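Have a look at the structure below, then the notes.
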């Protein structure tokens, strides 16, 4: 690159315009004639008349027909995907603990309405005894509802044991306070009449 025109030689050779040469342009080079025995026309190979051999694949047995699906008896669930169906005569084991099979809703257990009612009525019974001359009628109702709800929960598997126990305890406290207040009220009125 000592001469300023040397870097533009390639441009001039391929038809670059607007380049001012410092040296006269070189004559365009003619392609060299082909060597003896070769023609300048392209030669194509003719494809073979027989197709190439096909790869050999392993032979597999023919597919079996699918058996008719059997459905479980009424009330039974089919096994979840990936689980084996139960074998008659053997105990059935559940799936993975803590996981529900896909497509099945998680079993929901309902909270006992009696347990809810016992706690609500027992809480209402605490202030109600001040308006009923210390008679703990509402607290006694909440206590009885709690005992009935606790007995039902043992047999039917519903939730709400804590609510029932809360209703029993709050009802018992309300009953004791109400009866104590009623006794004090009677004693005070008996001493005041003398």
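Among the criteria (1) at pLDDT 65 or above; (2) surrounded by 10 or more Cβ atoms within 10 Å (Cβ to Cβ), the one residue 61 does not fulfil is (2). When the stretch 125-148 is filtered for residues that are part of a helix (DSSP H, G or I), farther than 13 Å from residue 164 by Cα and in contact with a helix residue (DSSP H, G or I) (Cβ under 6 Å, 6 or more places away or on another chain), the ones remaining, listed by number, are 125, 126, 128, 129, 138, 139, 140. For the stretch 173-182, the criterion of being more than 26 Å from residue 109 (Cα to Cα) and surrounded by fewer than 13 Cβ atoms within 10 Å (Cβ to Cβ) is met by at least one residue. Tallying residues that are under 8 Å from residue 118 (Cα atoms) and more than 37 Å from the chain's Cα centre (by Cα) within the stretch 144-166 yields 3.
Give the number of residues within the stretch 117-137 that are crowded, with 17+ Cβ neighbours inside 10 Å and within 39 Å of the chain's Cα centre (by Cα). Show your work before the answer.
First pass over the stretch 117-137, keeping only residues crowded, with 17+ Cβ neighbours inside 10 Å: 117-119, 121-123, 125-126, 128-129, 134, 136.
Next, only the ones that are within 39 Å of the chain's Cα centre (by Cα) stay: 117-119.
Counting residues in the stretch 117-137 that are crowded, with 17+ Cβ neighbours inside 10 Å and within 39 Å of the chain's Cα centre (by Cα) gives 3.
Taking the criterion of being in contact (Cβ under 8 Å) with a residue 40 or more places away in the chain and either farther than 15 Å from residue 111 by Cα or surrounded by 18 or more Cβ atoms within 10 Å (Cβ to Cβ) (or both), the only residue of the stretch 138-157 that qualifies is 153.
The values are calculated or read from the model by the stated rules, or taken from the named source; none is laboratory data. Computed from a prediction, not measured in an experiment: that's the story for all the values here. Backbone-built Cβ (ideal geometry, glycine too); neighbour counts: all protein chains shown.
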